[in-house]
Structures are given as structure tokens and as C-alpha cells.
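Below is one structure, written out as C-alpha cells; the observations come after it.
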């Protein structure tokens, strides 16, 4: 197979999944660099970022290979804009061009994609709106009118440029920017919350904490995420916000009524290694909403550091491994798999879900049995067959079985 031509064809077709598979199986800088330049010219930001992750050297790009920052701003794709400002080529753009990009992004954001598209095209036709994936984690709305297609990620682009320029935008302005979309999966929301959390100062903490009692759920959600990430992204030895965060989220979890906010609060609790966090998680094990139960299941993962789970946590995890929701079952299996508690009751519980109706749950159980040195993982893995092409998750689960077999046969010592 001519991998280079297949990769170029996949980029031209915008086939992100095929690009990922090809890069995973055949990574070679000779053609990955060329594919990156092509993805940029095609405004395929998600593919461009993927190529960078797999070793594309953006520094090899010539002036003719890149597009002006203004063109990237007009596209409305944060993924494309950030790919153009990869660390290898960021210095090529003078401050004047960054300032122009900031002003252009602000105009798009403040005017709104719909109004700006109508102004630019002069078309009175109905706009066509679809939701698309902009990068690995975030989705945006894509608008088409009069032959022009634009994504609505200008708020994220504006925030990124301000950060590069050293502009300190106020908490209130950034919050309003994020709440334009009020969607945790939108890049503007993610860029803003990470930026505020990265400040790690008392003023930002106080402003976010004050939102806990706000009557508007999206504002409570915004505040909760900023607080959660302030602690999560603090890698200093002091970790000054760990105690206040745990205190706040413990109380908050008992009174929050909005599902999205409650889920965020429980996720935050799961990031603390403290008995109070476990106590606060336990009442929500049987919550009727699967999103909440997923957060609870994941929250017990930090309790893998002690020799064994507490009795209540063990009971909860065994219950969650049989949950009606497949993601909850998979998450609970992973938590049990990666914990230090190798009580046989857990191995038997994982063996019991080897015939689960969901393949990923089966794989998580196989993975857990392998990590618990349980021979039953070998036959179960054989029955499941090889991993699906391009699935790193499946490969990781099944690799654990291979490592177990090596340990069992004395060929693997670490």
C-alpha cells in the first residue's frame, strides 16, 4: 500500500478517522509534514492538529504552505488557528498580525456568525446550521450562507490571541464570552475556563465561588468548572486551593439540583483523595441519571492508592459494575481494574460481565482480570478477537492480557 498517497487522499476527503488509523500504523515525517501543509490549506484544523500530534514538523512549512491568520480567523475554527500557531512556527507571525487577528475575532464574536455572514455575502437565503467536531474534544456550529461556510469558534480564537498577547481580560467578560454558547463541549467554554483556572489567584477563585448560589444553572456550571480546574491544574507543592475546593464541593453536592452542575461537582469530588469526598459521592450511586452515576463511578478511582477500598466503596463499585448504563459499567470495571484492591470478589465480578452485551465493557473486564493476574482473561481475550483497527482503547485493554501472559510465563518482570 502506498501510505503517502492514501494519507493525502484521506486528508483531501476530510476523513479524520482514516487519517488517525494511518498515522497510528505508519508514522513517517517525510509525508506527514506535507499532509500537515495540505490540511492547513484545506482549513482542516482537526486533521492538522492530529498530524502535529503524530510528529508533523510545522517548521518545515514554507510561506506558500501556510495561510494568513486572518483567513484562519474567518474560518471560525479554533483548531485551525491553533495549528497555525504551533510552537515551531509561532514566531513567524509578528505582533501586528496577532493584533489584527484579535480585532477580527472580536468583530466576528460580537457581531455573531449569522449577522456577519449575512453582511459579507449579502444573501437573504436561510442559513444552514450543522454541528461538527472541531478538534478531538470540542464541537462547534458550522454555518453556511451564499457559498461561505464559517464555524462559530471566534470566542475561543479571541481568548487564545489575548492570552498570547498578554492581555488580562476580566472574569466577567470572559464568563460572558463562554456563556454565549453555554456548552462545555464548545471550545470557547473550554478555553475560557482553562485560562481562568490557570490564573490560580484569590480574586478569580472568589468570583467563581460566588456563582455557587446563582439562580442560573449555566453560571453555576461555569463557576464549578473554574473551581474544579483551579485545583486540578495546580501542580505546585502548596496546592493552596485543594482544601477550599473539597470543602465547597462536599457541601455543594448535597444541595445541587441541576443535573449538569451536579455531575461537574461530583467529578470535582472524585479528583480529591480524601474520605470526605467518598462520603459525598456515595449518596448518588443510585441516582436516576446515568451521567451522575458515571461521575460517581469515576470518582472512586482515586481511592486506588490505599491497600483496599472501603466497605462502602466496594459495595458501590460492585453495584455500578451491573449498572443499566454501559459507560457506568465500563468505568466501574476500569476503576476496579486499576485499583490495588485485588480481593477475589472483584475478579469474580469482572468475570461475570465477560458476557456483557457491550463489547467495550467486556474488554474492560478482560483488562481488569489481566491486571489482577486472573487466568480467565486469556480465553476471554481470545473469544473477543483482535482490537478494532485504529482503536487505541481496545489495543490498550488487550495489551494488558499479553503482558499478563508474559508475567505468568516468567518473561516479564516489570
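Numbers for the structure displayed
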read-out	value
Extension gain from residue 240 to residue 343, taking 0.36 nm per residue of separation minus the Cα-Cα distance	33.5 nm
Estimated inter-spin distance, residue 149 and residue 99, nm [label 7 Å along Cα→Cβ]	3.5 nm
Distance from region 349-401 to region 1-27 (C-alpha centre basis), Å	28 Å
Relative contact order of the chain, defined on C-alpha pairs under 8 angstrom at six or more residues apart (%)	7 percent
Cβ crowding within 10 Å averaged over residues, with 316-327, 62-73, 33-44 ranked highest first	33-44, 316-327, 62-73
Highest-fluctuation residue, 294, 107, 220 considered, GNM on the chain with Cα pairs under 10 Å	107
Cα extents of region 1-159 along the three principal axes, largest first (Å)	48, 35, 26
Calculated on alpha-carbon atoms, Rg and Dmax of region 145-207 in Å	13.0, 48
Cα-based shape type of region 352-414, given that a ≥ b ≥ c are square roots of the gyration tensor eigenvalues and the cut on a/c is 1.5	oblate
Helix-only [θ]222 nm of the chain, DSSP H runs n ≥ 4, -39500 (n - 2.57) each, per residue, nearest 500	-18500 deg cm²/dmol
Helix 29-41 vs. the chain, principal-axis angle (Cα, 0 to 90°, nearest 10)	60 degrees
Global form of region 1-61, assessed from the alpha-carbon gyration tensor, a/c cut-off 1.5	rounded
Cα-Cα P(r), region 68-167, percent of pairs per 10 Å interval	16, 48, 28, 7, 0
Mean separation of Cα contacts under 8 Å (6+ apart) over length of region 68-167, as relative contact order %	36 percent
Cα-based shape type of region 168-279, given that a ≥ b ≥ c are square roots of the gyration tensor eigenvalues and the cut on a/c is 1.5	oblate
Neighbour-count ranking [beta-carbon atoms within 10 angstrom, fewest first] of 315, 263	315, 263
Helix 3-13 axis, angle to the chain major axis (alpha carbon atoms, nearest 10°)	70 degrees
Cα-only Debye scattering, the chain: base-10 log of I(q)/I(0) at q = 0.13 Å⁻¹	-1.27
Gap separating the Cα centres of region 67-97 and region 146-194, nearest whole Å	15 Å
Over region 299-414, relative contact order from alpha-carbon pairs under 8 Å, at least 6 apart, %	20 percent
Choice from 374, 183, 312 with maximal GNM fluctuation in the chain (Cα, 10 Å cutoff)	312
Tilt relative to the chain, helix 392-408 - C-alpha long axis, 0 to 90 degrees, to 10	40 degrees
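Each reported figure results from applying straightforward, stated rules to the coordinates on display, with no laboratory input. These numbers were taken from a predicted model, which means no experiment stands behind them. Positions of Cβ are generated from backbone atoms using ideal geometry, with glycine treated the same way; all protein chains shown enter the neighbour counts.
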